[in-house]
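The values are calculated or read from the model by the stated rules, or taken from the named source; none is laboratory data. In this text the structure is predicted, and so the values were computed from the model without any measurement. In this analysis, Cβ positions are derived from the backbone assuming ideal geometry, glycine residues included, and neighbour counts consider all displayed protein chains.
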Amino acid sequence: MEHKVIVVAGPTASGKTALAISWAQRLGTEIINFDSRQVYQELCIGVARPSEEELNIIPHHFVGSHSIQQPLNAAKFSEIARIKAIDLIERFGSVVLVGGTGLYLQAFLEGLDSFPEISPELREEVNELYNSEGINGLAMALYALDPKAFEWVQKDNPARLMRALEITRASGIPVSEWRKNKGETFPFPAKIYCIDWPRKELYQRINSRVDQMIELGLEKEVQGLMAFKEMPVMRTVGYSEMYAHLEGNLNREEAIDLIKQKTRNYAKRQITWFKNKTSSEWQDIEAMKKLYLR
């Protein structure tokens, strides 16, 4: 096979897990997950982690493998996922990657220099800035240090702003300059497929998935994670809104509607990222299902 790394990518709720399992079965290999939230043990319903039944069909790596108390970044993911991928390629001839976190895929395929260590004191300082001045305070602080980063960073995502600010302050080097640094590319050829849905159908799938998450007990899951509410990793769509509901800032229906809206917005950003940043092939799900038949 020409391509040793087969990537199933695309927006949330597009059917990536089922397709990756099907391809891994046909290729006789295993799956590496590159979703930056599904790696955490404590997060399940709100990140649409594969079910136990799905995990039992094909071994998945980096699903529930880490604790939110020991956060994983793109550079570290790249380092350990590459080791696992090379092992799987040597044993089975190929590996299937699946996920929607573009930076993790980019780090895996193209390499990414390790970011500087962030001291607890600096992290606390940035947290205090967020608590006292909110997203606008973070954005203005980043703009003062790195106007170029301000242009591309996701300004409605406090975790991204905090991370960019931490890296810049810790290193003394603008985070936009760090993004130019690349490590070595992965030594095996890769093919990236993105599942394409008409926008209206994708949004319907997203709304249905959120309803299913509520039925499965998202509210209870978030309630059990109240002690971790202030951690950057918990500022994730589904969790942030449900926290706001549990604290009385949103009613239940408002929280659900906001989760749907923000998930749709996230899907739109994923589509833009994969179209602009990768040489990916976009096909509808039915066409994808016919690939890699033996």
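Among the candidates LEU55, LEU27, the residue that is free of Cβ contacts under 8 Å to residues at least 12 places away in the same chain and under 20 Å from ASP87 (Cβ atoms) is uniquely LEU55. Taking the criterion of being surrounded by fewer than 19 Cβ atoms within 10 Å (Cβ to Cβ) and either at pLDDT below 90 or over 22 Å from the mean Cα position of the chain (by Cα) (or both), the residues of region 177-192 that qualify are GLU177, ARG179, LYS180, ASN181, LYS182, GLY183, GLU184, PRO187, PHE188, PRO189.
Counting only residues that are more than 22 Å from GLU241 (Cβ to Cβ) and of a type in the set (Val, Ile, Thr), region 123-171 holds 3 of them. Pairs only if they're at least six apart or on different chains, beta carbon under 6 angstrom, first in region 63-92 and of a type in the set (Ser, Thr, Tyr), second part of a helix (DSSP H, G or I) and surrounded by 15 or more Cβ atoms within 10 Å (Cβ to Cβ); list them, first residue then second. That search, which allows pairs on different chains as well, returns SER78/ALA107; SER78/PHE108.
Within the set ASN157, ASN127, the sole residue that is under 30 Å from ASP284 (Cβ atoms), modelled with pLDDT under 90 and not assigned by TED's automatic domain parsing to the domain that holds ARG37 turns out to be ASN157. Within region 81-103, the set of residues being crowded, with 19+ Cβ neighbours inside 10 Å and acidic (Asp, Glu) is empty. Mind checking which residues of region 274-288 are among the acidic types (Asp, Glu) and in contact with a Phe, Trp or Tyr (Cβ under 9 Å, 6 or more places away or on another chain)? Within region 274-288, GLU281, ASP284 meet the criteria. I'd like the full set of residues that are basic (Lys, Arg), part of a helix (DSSP H, G or I) and under 16 Å from GLY99 (Cβ atoms), limited to region 15-51. Passing the criteria: only LYS16. Of the helices (runs of 4 or more DSSP H) contained entirely in region 79-185, those carrying at least 1 residues that are basic (Lys, Arg) fall at 120-145, 147-152, 158-171.
So which residues in region 52-75 are outside any helix (DSSP H, G or I) and either at pLDDT 95 or above or among the β-branched types (Val, Ile, Thr) (or both)?
Quick first cut of region 52-75, residues outside any helix (DSSP H, G or I) only: 58-73.
ILE58, PRO59, HIS60, HIS61, PHE62, VAL63, GLY64, SER65, HIS66, SER67, ILE68 - these are the residues of region 52-75 that are outside any helix (DSSP H, G or I) and either at pLDDT 95 or above or among the β-branched types (Val, Ile, Thr) (or both).
The set of residues from region 8-61 being under 18 Å from GLU221 (Cα atoms) and of a type in the set (S, T, N, Q) comprises GLN38, GLN41, SER51.
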